[in-house]
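The values are calculated or read from the model by the stated rules, or taken from the named source; none is laboratory data. Predicted model only: the values in this text are computed from it and were never measured. Cβ atoms come from the backbone with ideal geometry, glycine included; neighbour counts cover every protein chain shown.
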Amino acid sequence: MNTTPITPFGRAIHAPEAGTPVTSLDVPALRALVREHHLVLLRGFDVFATPGELSAYCEGFGELSVWPFGTVLELVEQEKPEDHIFDHSHMPMHWDGMYREQIPEFQVFQCVHAPGPGNGGETTFSQTAAVLENTDPETAARWSQVTGTYQRTMEYYDSVTVSPVVDAHPVTGTPVIRYNEPTAADDAGFVNHPDLAFTGLPEDQLAEFHTGLRAALYDPAHLYAHTWQTGDVVITDNYTLLHGRNAFTSGAPRHLRRVQVLGTPALDNPGLVR
């Protein structure tokens, strides 16, 4: 596979010619690339016509997370959404599986239809191991004192999880960040706010903590905002990255499918309280 770098992290693989099936790529090699580079983009390939085809392909990466709806989440704006996942708003940084019994190692996204130029809707990814490497030790040590308590109720779960902001990658032990970025409580346009609390620093230092951490997560040296093209497949390392979404124009035809792949062995969520 011929790969090209993505700035500031990740690798892209472009189809050598139109009509090349994505299934022609070696899955173990792709899995190794994602573990090394944290994000791999497959562009220009002949991809999956149905959710079932996508799910079957993802089984080659490992055991799939199963939800009440199955294995494939249809990420598309709903007319009257009950949660921001199905809205067109900004989605704050978070990690997948934080409210579930097991945390997936990989996310596989397929773009069924791009939102179109100028409509926003980029999926944002922050390389948190690099954030910590590039942060001065005193600041990183202060972040390490903070623990987040997160409660969220939506259609598929009603859960509380507790996690240190600076944690260890469950396989390599590399320091990574586990953080659900707060949204303004008075943001009436944000549907279904989670209930977040942070402890470990004096109350008067928490605002500075959030400001500094958010600036580091969104620093161009650490942030990749993926502009979707129809047919893109993006495979990501959920153990290292945080991800979110830029707001997009309501009514734009943004349609993604997402599958979560568990690690080997599967990672039981160490922070899940209920």
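Keeping to the stretch 126-184, report how many residues are among the hydrophobic types (A, V, I, L, M, F, W, C) and at pLDDT below 95. Explain how you work it out, then say what you get.
Pass one, the stretch 126-184, residues among the hydrophobic types (A, V, I, L, M, F, W, C): 129-132, 140-141, 143, 146, 154, 160, 162, 165-166, 168, 171, 176-177, 184.
Add one more test, that the residue is at pLDDT below 95, and what stays is 154, 184.
Qualifying residue count for the region: 2.
Looking at (1) surrounded by fewer than 16 Cβ atoms within 10 Å (Cβ to Cβ); (2) farther than 26 Å from N246 by Cα; (3) modelled with pLDDT of 95 or more, can you tell me which one E203 breaks?
Result: E203 fails condition (3) only.
Take the residues in the stretch 56-109 that are in contact with a Gly (Cβ under 8 Å, 6 or more places away or on another chain) and polar (S, T, N, Q); name whichever of them is modelled with the lowest pLDDT.
S89
Go through the stretch 40-66 and give me each residue that's touching a helix residue (DSSP H, G or I) at 6+ places or on another chain (Cβ under 9 Å), surrounded by 16 or more Cβ atoms within 10 Å (Cβ to Cβ) and not in a helix (DSSP H, G or I).
If the condition is that a residue be touching a helix residue (DSSP H, G or I) at 6+ places or on another chain (Cβ under 9 Å), surrounded by 16 or more Cβ atoms within 10 Å (Cβ to Cβ) and not in a helix (DSSP H, G or I), then V40, L42, F45, V47, F48, F61, G62, L64 are the ones that fit.
Across the stretch 66-124, what is the number of residues that are free of Cβ contacts under 8 Å to residues at least 12 places away in the same chain and β-branched (V, I, T)?
Going through the stretch 66-124 one residue at a time, the tally reaches 1.
May I ask you to list the residues in the stretch 1-23 that are part of a loop (DSSP other than H, G, I, E, B) and aliphatic (A, V, I, L, M)?
From the stretch 1-23, those part of a loop (DSSP other than H, G, I, E, B) are 1-3, 6-10, 15-20; that's our starting set.
Answer for the stretch 1-23, where residues must be part of a loop (DSSP other than H, G, I, E, B) and aliphatic (A, V, I, L, M): M1, I6, A15, A18.
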